[in-house]
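To keep things clear, I will list the structure first and then write my remarks on it.
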Amino acid sequence: MSATVSIIVAMTPSGAIGRNGDLLYHISADLKRFKAVTMGKPVVMGRKTFESLPGGALPGRRNIVITRNKGYEAPGVEVAGSLDEALAMTAEVEEVMIIGGAEIYRMASAVAQRVYLTLIESEVADADTFISPFDKETWAIIEESDPMTDPRSGVVYRFLNLQRR
């Protein structure tokens, strides 16, 4: 048995996901959803994404960092040299979460079966990190929230769950 590969990401309609090594917005409801969806599951990320986490390894989850640096070590993480290696390490679980960054999302988009998407309904002029948007030919929306407004930033967003067709 192999795990369901799921991507969790917050992005704009054009595919912007970050700026200056950080998220576009720190939307409280999105961060709570991220924690609820990923808790107890392995999370796979690139080294830069891991190093951007304010508290290091995410508690309550098996943290797997993909890096080309064979000697890379960090407290609370396992290291994989490729996405294939990371997925082999998690083959026994029900669902593995791909949490970024852009390069890891690009690799995982070919094998992912599910996407937990926070769609930020505006563009961010100074965004510097992008992925390809999820097209309707490949992905079906299986769940969608009503639009919500983040009280702190004023940004409008929706939660969508997508399934590969």
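The values are calculated or read from the model by the stated rules, or taken from the named source; none is laboratory data. This is a predicted model, so every value here is computed, not measured. Because the Cβ atoms are built from the backbone with ideal geometry, glycine has one as well, and the counts that use them run over all protein chains shown. Surface areas here come from the heavy atoms of the whole protein model, side chains and all, with no ligands, DNA or RNA. Shrake-Rupley method; radii C 1.70, N 1.55, O 1.52, S 1.80 Å.
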> Among 32, 70, which is the only one that is out of contact with any Gly (no Cβ under 6 Å at 6 or more places or on another chain), within 30 Å of residue 150 (Cα to Cα) and not aliphatic (A, V, I, L, M)?
Replying inline: 32
> Out of all the residues in the stretch 131-139, is one or more polar (S, T, N, Q) and touching a residue at least 24 places away in the same chain (Cβ under 8 Å)?
Replying inline: yes
> Pick from the stretch 11-40 the residues that are crowded, with 19+ Cβ neighbours inside 10 Å and closer than 26 Å to residue 94 by Cβ: which of them is farthest from the chain's Cα centre (by Cα)?
Replying inline: 30
> Under the condition of being within 23 Å of residue 64 (Cα to Cα) and not polar (S, T, N, Q), which residue from the stretch 121-139 is surrounded by the fewest Cβ atoms within 10 Å (Cβ to Cβ)?
Replying inline: 130
> Across the stretch 140-157, what is the total count of residues that are surrounded by 14 or more Cβ atoms within 10 Å (Cβ to Cβ) and either polar (S, T, N, Q) or within 18 Å of residue 99 (Cα to Cα) (or both)?
Replying inline: 2
> Going through the stretch 76-115 one residue at a time, which ones are at negative phi, in a loop (DSSP other than H, G, I, E, B), open to solvent by less than 40 Å² (accessible area, probe 1.4 Å) and at pLDDT 95 or above?
Replying inline: 90, 93, 99, 101, 112
> Which condition does residue 3 not pass, out of (1) open to solvent by less than 50 Å² (accessible area, probe 1.4 Å); (2) within 13 Å of the chain's Cα centre (by Cα); (3) of a type in the set (A, V, I, L, M), if it passes all the others?
Replying inline: (2)
> Residues in the stretch 116-124: is at least one charged (D, E, K, R) and either closer than 22 Å to residue 153 by Cβ or in a loop (DSSP other than H, G, I, E, B) (or both)?
Replying inline: yes
> Consider residue 118 against the criteria (1) within 22 Å of residue 41 (Cα to Cα); (2) open to solvent by 30 Å² or more (accessible area, probe 1.4 Å); (3) among the polar types (S, T, N, Q): it satisfies all of them except one. Which criterion is unmet?
Replying inline: (2)
